[in-house]
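Heads up, the thing below is written out as structure tokens.
A short reminder: the numbers here are calculations on the coordinates, not readings from a lab. As the structure is a computational prediction, the values presented were derived from the model and not from experiment. All Cβ positions, glycine included, derive from the backbone under ideal geometry; neighbour counts span all protein chains shown.
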Amino acid sequence: MYTTHFIFLFLGISLLAALIFSNGAKLLKSPQIVGYIVAGALLGPSVFNFVSYEQIKSLEIINVLTLSLIGFGIGGALRWSEIKKLGKVIIFNLFFESFGAFIFVGIALSLLLKSIPLGLIFGALSVATAPAATVEIVREYKAKGTLTTTLYAIVGLDDILALIIFIIILPVSLIFLGNIHGGTTSTIFSALGTAGLEMLLSTIIGVAIGFLLIFISKRIHDRVKLLIFSLGIILLNCGIAEILKLSPILLNMAMGIVVVNSKPINARKIFSSLGDWSPPVYVWFFVLVGARLDLSLLIKFGLLAVVYILARSSGKWIGSYLGGTISHATPQVRKYLGFCLFDQAGVAIGLALAASKTLENLGMALYAKQIISTVTATTFLVMLVGPFFLKWALFKSGEAMADTRD
């Protein structure tokens, strides 16, 4: 349990440091979140040690709230009229970019580590994309268009696909490692059933609360009261997701889809009011991403991290290009979507933690260390580099507005 003064000091200093470094990012013509992440790295254990790894874990509430806001925002960008037009494009791109990363990373790391099971686990971990970074940069440059809509749908859905792939691959990999005997098929089906139930519950609850939000918000005409009510609903969803072990992204995304497709005018008011409140939460989220940097792990697993990043990025880009070609996507989507999918964050780290704990419990501490260390290190690196590619793709596609930040 950490003292109140630590929490206040961290929240205050992180905002001020992020503000300073985001201005530095502006001078370098880079996205603001790069400045936030650098600020976090300086505050973290690897540099000035203002915040420890244990204290970072104690601030998990920020991650849950951010993912909930992100999920709601993604859902609010998915209008049914546009999704119907892009349905085939979204499905093909989602499938090919996800399995492109899985196959490329799986093969590359199987060869590097000389272990097919470990390569498969890393492949499964590589599927997830970071929705928070994507949404923040799209919002920063006010991007709109077919590429942006497709991107929102994919980053909202590929974390779900990543979870499905992971729960199939992990027990299969453990068989090859020789630590699970018999009953594996039933284990896989049980895991799939659990994941399916979680997704179904997340969707049902999100849809139900979405209709409740619309029904009541129609009767609220004061902007401040609308903000309070909308934020209260988001926090309620956070609590429900934590209690029932559901996905905060999917639950709130379902709610956002209902809101934007039921009452677009009310939806604009809700998202506008939340937009006034949410920026500090996003800043804290990215500062914590930077604070997790461990320089010793970067040095120890440097080659592994580089191969993982190159293989994952190649798989995402080639996969999305193939998906866009097969689905006859617009040239903007076909050429640039892959460059928008390099970031990875919370979901990948969460799955890596689950895999490492399982391996540790089975007496494979070295494998567990390789997995969690590599995913943590690569997350920091791609969160520094990925935003540049995303910004470039949005401007090249013509969907981003000129950089007019103060």
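Return yes or no: is Val34 farther than 26 Å from Ala241 by Cβ and crowded, with 21+ Cβ neighbours inside 10 Å? Quick ask: steps written out before the conclusion?
Working: farther than 26 Å from Ala241 by Cβ: yes; crowded, with 21+ Cβ neighbours inside 10 Å: yes.
Answer is yes for this residue.
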Seminar exercise, completed: By my count, helices (runs of 4 or more DSSP H) wholly in the stretch 225-323 with at least 1 residues that are closer than 23 Å to Thr376 by Cβ are 248-262, 279-291, 295-300
Exercise. List pairs: first in the stretch 87-103 and free of Cβ contacts under 8 Å to residues at least 12 places away in the same chain and outside any helix (DSSP H, G or I), second surrounded by 22 or more Cβ atoms within 10 Å (Cβ to Cβ) and acidic (Asp, Glu), Cβ under 7 Å, 6+ apart or cross-chain?
Worked result: none
For this session: Working only within the stretch 341-383, note down all residues that are surrounded by 19 or more Cβ atoms within 10 Å (Cβ to Cβ), under 20 Å from Ala39 (Cα atoms) and of a type outside the set (Val, Ile, Thr).
Result: Asp343, Gln344, Ala345, Gly346, Ala377, Phe380, Met383
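Yes or no: Lys84 part of a helix (DSSP H, G or I), basic (Lys, Arg) and either more than 22 Å from Tyr308 (Cβ to Cβ) or without any contact (Cβ under 8 Å) to a residue 40 or more places away in the chain (or both)? Talk me through it step by step, then tell me what you get.
On the way: part of a helix (DSSP H, G or I): yes; basic (Lys, Arg): yes; either more than 22 Å from Tyr308 (Cβ to Cβ) or without any contact (Cβ under 8 Å) to a residue 40 or more places away in the chain (or both): yes.
Taking the combined requirement at face value, the residue satisfies it.
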For this session: Write out, first by first residue and then by second, each pair whose Cβ atoms fall under 7 Å of each other, whose residues are 6+ apart or on separate chains, and whose first residue, in the stretch 355-382, is more than 25 Å from Ser314 (Cβ to Cβ) while the second is not aliphatic (A, V, I, L, M).
Result: Leu359/Tyr367; Leu362/Asn179; Ala368/Ser356; Ala368/Glu360
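Residues to consider are Leu250, Leu274, Leu288; find the one that is in contact (Cβ under 8 Å) with a residue 12 or more places away in the chain and either surrounded by fewer than 23 Cβ atoms within 10 Å (Cβ to Cβ) or in contact with an Asp or Glu (Cβ under 6 Å, 6 or more places away or on another chain) (or both). Walk me through how you get there before you give the answer.
Details: Leu250 fails: either surrounded by fewer than 23 Cβ atoms within 10 Å (Cβ to Cβ) or in contact with an Asp or Glu (Cβ under 6 Å, 6 or more places away or on another chain) (or both); Leu288 fails: either surrounded by fewer than 23 Cβ atoms within 10 Å (Cβ to Cβ) or in contact with an Asp or Glu (Cβ under 6 Å, 6 or more places away or on another chain) (or both).
Checking each option against the conditions leaves just Leu274.
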For this session: State the number of residues belonging to the stretch 259-269 that are touching a helix residue (DSSP H, G or I) at 6+ places or on another chain (Cβ under 9 Å) and free of Cβ contacts under 8 Å to residues at least 60 places away in the same chain.
Result: 5
